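Structure record follows, encoded as structure tokens.
The values are calculated or read from the model by the stated rules, or taken from the named source; none is laboratory data. Predicted model, so just to flag it, every value in this text is computed and none were measured. Note that each Cβ is placed from the backbone with ideal geometry, even for glycine, and that neighbours are counted across all protein chains shown. Side chains are part of the model used for accessible areas, which takes the heavy atoms of the whole protein and leaves out ligands, DNA and RNA. Shrake-Rupley method; radii C 1.70, N 1.55, O 1.52, S 1.80 Å.
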Amino acid sequence: MSAAQILIGGKWRTGTGERFVSHNPVTCAPVFEAESAAPDEVAEAVAIARKALESWADVDLATRIAILRAYRQELERRADEIARAIADETGKPMWECRAEVGSMMGKVEISIRAVSERAGERETATAFGRAVLRHRPHGVMAVLGPFNFPGHLPNGHIVPALLAGDTVVFKPSEETPSVGRLMAEALQAAGVPDGVFNLVQGGRATGQALIAQEIDGLLFTGSAAAGDYFRRAFIDRPEVILALELGGNNPLVVWDADPEIAAQHIVQSGFVTTGQRCSCARRLILPEGKAGSDIIAAVEALAGRLVIGAPYDPIEPYMGPLISDRAAEAARQRFSALRGKVIRPLGDVADRPRAFVSPGLIEMDVATWGEGEDEEIFAPILQIYRVKDFDLALRRANATRYGLSAGLISSDPGLWTWFQKKIRAGVVNWNRPTTGAAGDMPFGGLGRSGNHRPSAYYAADYCAYPMASFEAATPVALTGEMKGVRP
Ligand code: NAD
Ligand code: SIN
């Protein structure tokens, strides 16, 4: 029997569902082994969250803020342990894992600010009394997290939801359950009342059991395929709020720049986190001719100098493995299916397990443009397109059903003005990598990248609904307001 790994109503217990295991992609050793939450346990977690909502929704904001600030302190106390859990389950370099814990801690104050700016209270005097704007919690929120930022991204739903007065049932990614466990411990230690936050563990079946319950919202960060599934699954449940933060097939246009500097921005856009960021550039759009060729040569050279290694290696790596051997096999197959001139194959890494890959670069065959699949490849692969003018660069950049991030590298402000007016994406950067996002800005995408409910600073918007009221202390005659009434 495994250790108790699910948290329902403030009590830790062992699930009775299927056993599942997360693996360290560096050592291939198991990190977490437990029974998943069975459907009846998931139902119980939602029922308990519903019960807890009655009092949590009425707790005053100052108390909720104090508890979330205590959570921040609990994260700080466990920072090293959480960073190591992220490293063990994802293989990400320690510098990234520590930064992720920093983002989790920073989220608390940012979310407190966001609540007051975007979901606060406002009152204006009227002839009869006042007009008041308040925000009320939606209810029980199901949170499903991805593996690539197993702490930061679900935290970005959970903190705003709890602040808004919602209660939460969280299912971490099956690849990263131990990070979810540590978050639950920190929330419990911070004094989040029993039942207000609940943790269920498991894979997709557990996720499906969760969305089948009477939830009021699904706060999801993950793949577009899962997003499609949820859109269909909730088609007859319009009362459930869906916030879908999905993938992208993101373009980076590099037009005029010193090739060495451009290469740094390109590598950081395409290969950081081993290409496993939703904001990573997947398509690199360059001018035809020498300018573009020089940039490709510089990217190839820089890609060859990246240290690829494990989190605790004595030499700090730039990037680690993909999440699993299976993910790496899928990426290898997707790379081989691309048609064009291979500049760097998606290579193996000597003396490392199959989950390790080196970045792949391919110049796409012009004849096949528009025929290939418009899909995210969640791996360090850049597909290069060469175009003869900027108008074509923009068209190519917009030639996608997605619309998450995009970037322009150019010192021409006129091109930037043109680019930011025409590009269709939610995160659009100029002379900065496509990756990385400001916590105090919204983060979300168009088209297949989401459903127009951006997260990060705007998470406050989907965690509460606005309630507008006209108020008078006592009913008075509607003199002058009612027309057409006989005396
Ligand atoms: P995923 O969609 O495979 O899984 C995410 C979570 O959803 C997991 O907990 C999984 O168990 C659950 N899930 C998946 N399909 C389900 C289904 N049909 N029913 C119930 N539950 C289901 O995503 P992943 O592989 O963990 O994460 C990588 C993806 O996330 C990439 O596509 C990436 O672009 C995207 N992502 C988006 C953002 C963003 O903010 N837009 C940020 C990070 C990652
Ligand atoms: C991502 O790129 O996968 C998420 C970025 C963020 O929210 O910081």
Whenever you get a sec, compute what percent of the accessible area on the chain sits on carbon and sulfur atoms (1.4 Å probe).
-> 53
Calculate how steeply helix 152-164 sits against the longest principal axis of the alpha-carbon atoms of the chain, using the helix alpha-carbon long axis, and give the answer as 0 to 90 degrees to the nearest 10.
-> 10
Net +/- balance of residues flanking residue 348 in space, Cβ distance below 13 Å, scoring K and R +1, D and E -1 | +1
Tensor-based shape of the chain (alpha-carbon gyration tensor, a/c under 1.5 rounded, otherwise prolate or oblate) | oblate
Helix 39-56 sits at what angle to the longest principal axis of the chain, using alpha carbons and giving 0 to 90 degrees rounded to 10?
-> 50
Provide the net charge surrounding residue 471, with neighbours chosen by a C-beta distance below 15 Å and charges set as Lys +1, Arg +1, Asp -1, Glu -1.
-> +1
Percent antiparallel among DSSP beta bridges with both residues in the chain, to the nearest 5?
-> 45
Just flag the GluC sites (Glu not before Pro) in the range 359-443 sitting in loop per DSSP whose Cβ has no more than 16 other Cβ atoms within 10 Å.
-> 371, 373, 375
How many lysine pairs does the chain hold where the Cα atoms are under 26 Å apart and the two sit 8 or more places apart or on different chains?
-> 11
Let me know the charge dipole size of the chain about its Cα centre in debye, to the nearest 20, where only the beta-carbon of Lys, Arg (+1) and Asp, Glu (-1) is charged.
-> 920
Total charge of the residues flanking residue 392 in space, meaning their Cβ is under 14 Å from its Cβ, with Lys and Arg +1 and Asp and Glu -1, is +3
Output ordering of 305-317, 154-166, 89-101 (per-residue mean of other Cβ within 10 Å, highest first) is 154-166, 89-101, 305-317
For the chain, find the longest principal axis of its Cα atoms and tell me its angle to the long axis of helix 325-337, 0 to 90°, nearest 10.
-> 60
Enter the accessible area per residue of the chain (Å², integer; probe 1.4 Å; all protein chains in place).
-> 43
Considering only the range 304-424, what is the antiparallel percent among its DSSP beta bridges, to the nearest 5?
-> 50
Which whole number of Å³ per residue matches the convex hull of the alpha-carbon atoms in the range 250-430?
-> 110
Enumerate by residue number the chymotrypsin sites (Phe, Trp or Tyr not before Pro) in the range 140-245 meeting two conditions: DSSP loop (anything except H, G, I, E, B), and at most 11 other Cβ atoms within 10 Å of the site's Cβ.
-> none
